[in-house]
Amino acid sequence: MLETAPANRLLRTLARARVALGFTCGALVFWLAAPTLATIEVGLVVAVAGESLRFWAAGHLNKSREVTRSGPYRLVAHPLYLGSSLIGAGLAIASGRVVVGAIVAAYLALTLTAAIRSEEAFLQRTFGSDYDAYRRIGIVDTARRFSLGRAVANREYRAVAGLLAALLLMAWKATYNGAF
């Protein structure tokens, strides 16, 4: 499928705006949420699994310097986005509302698709045949180990803090609504 210039601009715009859009969707999700202890417990498990995957990936990633092939990148091309999707699913579950799940799914489908396409275009331009080989053949690096310093350098603590804040807000809303 041939992409048009306006479609490429839209993808780049969505990819760049995903954090701001996330806060906007987050406010809407919080307003619509009707969490209970049970939905928060189940959602917490899913969201923590997602953040764990993101943290593992961030501890292997040398962003914009190489094609990362270790850790979760041996298994999936975009573990950070997969982790974000799990976090989104966990927060949707925690919210206790189907409409929130639909909002989260739409947000993730639009913004992560745009981010992945933008990122893959960058990796292709920057690393060329090296990236092609990783995607086509699946060349992996089993020697590199997880680095907490890399995870911190990649600012994964921001995602951890965001997840904690979202879960605390869900717990506060459940308490406010008398669900606890």
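Whether any residue in the range 59-69 is open to solvent by less than 30 Å² (accessible area, probe 1.4 Å), modelled with pLDDT of 95 or more and assigned to a helix (DSSP H, G or I) is what I want to check.
Scanning the range 59-69, I find no residue that is open to solvent by less than 30 Å² (accessible area, probe 1.4 Å), modelled with pLDDT of 95 or more and assigned to a helix (DSSP H, G or I), so the answer is no.
Kindly indicate the residue of the range 5-48 that is open to solvent by 70 Å² or more (accessible area, probe 1.4 Å) and among the polar types (S, T, N, Q) and also modelled with the highest pLDDT among those meeting that condition.
T24
The values are calculated or read from the model by the stated rules, or taken from the named source; none is laboratory data. None of these values were measured; they are calculated from a predicted model. Surface areas here come from the heavy atoms of the whole protein model, side chains and all, with no ligands, DNA or RNA. Shrake-Rupley method; radii C 1.70, N 1.55, O 1.52, S 1.80 Å.
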